[in-house]
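Reviewing the structure listed below.
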Amino acid sequence: MQELLNSLPPELRDKVESVGPPVNPGELESFERVTRARDQSFKLQTLVNAWRLQNEAERTLRQKVAWYILGMLAFQTLLVNVCFFLIGFNVLHVDAGLSKIFVLAVFAEIVSMVLIVLRYLFPQLGNEFLQLIKDL
């Protein structure tokens with residue numbers, strides 16, 4: 001090995017000597033395992049941080065949408081009750097059948113909106129995230 005170094009020009013010899021001792025295959029394999037573990041750890045940390053940020057953003061958005069929908073439903077309920085009392089006190093003159101249909105339809109709409117909010121605004125959590133972690 002020393003005769004090979006001596007056969008090189010001096011400027012190259014300094015560069016070759018600065019590389020260090022030879023590396024055996026076991027050391028390369030250990031380095032590869034450590035590098036792979038670091039890469040996988042970085043991917044996992046990135047994935048968890050992205051998932052956390054996404055959940056926080058979704059939670060904030062869901063909360064805002066839920067409050068808006070509940071506010072609109074409360075207003076609609078108040079409006080229907082006012083109309084119902086106005087019809088009852090003969091301030092509004094509406095056919096009895098029409099008033100019954102109106103009140104029933106509005107309350108059916110309110111119940112359906114609550115069901116839609118509960119079903120789509122607060123979905124069941126799946127195992128997609130856990131499966132994604134397993135795939136890493």
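The values are calculated or read from the model by the stated rules, or taken from the named source; none is laboratory data. Predicted model only: the values in this text are computed from it and were never measured. Every residue, glycine among them, receives a Cβ derived from its backbone with ideal geometry; neighbour counts consider all protein chains shown.
Any residue in the stretch 28-47 that is modelled with pLDDT under 90 sitting within a Cβ distance under 9 Å of a residue that is outside any helix (DSSP H, G or I)? List the pairs, counting only those 6 or more apart or interchain.
PHE31/VAL23; GLN40/LEU136; LYS43/LEU136; LEU44/LEU136; LEU47/LEU136
Residues of the stretch 4-22 being modelled with pLDDT of 75 or more and either assigned to a helix (DSSP H, G or I) or at positive phi (or both), which ones?
Of everything in the stretch 4-22, those that are modelled with pLDDT of 75 or more and either assigned to a helix (DSSP H, G or I) or at positive phi (or both) turn out to be ASN6, SER7, PRO10, GLU11, LEU12.
Being closer than 30 Å to ASN55 by Cβ and exposed (fewer than 11 other Cβ atoms within 10 Å of the Cβ) is the requirement here; does LEU98 meet it?
no
From the list LEU118, LEU86, which residue is surrounded by 11 or more Cβ atoms within 10 Å (Cβ to Cβ) and modelled with pLDDT of 90 or more?
One residue alone meets the criteria, LEU86.
With respect to VAL80, determine if the residue is under 22 Å from PHE122 (Cβ atoms) and touching a residue at least 24 places away in the same chain (Cβ under 8 Å).
no
Among ALA37, ALA66, which is the only one that is in a helix (DSSP H, G or I), among the small types (Gly, Ala, Ser) and under 30 Å from ILE101 (Cα atoms)? I'd like the intermediate steps shown before the answer.
Numbers: ALA37 fails: under 30 Å from ILE101 (Cα atoms).
Answer to the selection: ALA66.
Yes/no per residue for (1) in a helix (DSSP H, G or I); (2) of a type in the set (A, V, I, L, M):
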residue: TRP51; (1), (2): yes, no
residue: ASN55; (1), (2): yes, no
residue: LEU61; (1), (2): yes, yes
residue: GLN76; (1), (2): yes, no
residue: VAL91; (1), (2): no, yes
residue: GLY97; (1), (2): yes, no
residue: PHE107; (1), (2): yes, no
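Out of the residues in the stretch 87-120 that are under 48 Å from the mean Cα position of the chain (by Cα) and polar (S, T, N, Q), state the one that is farthest from GLN76 (Cα to Cα).
SER99
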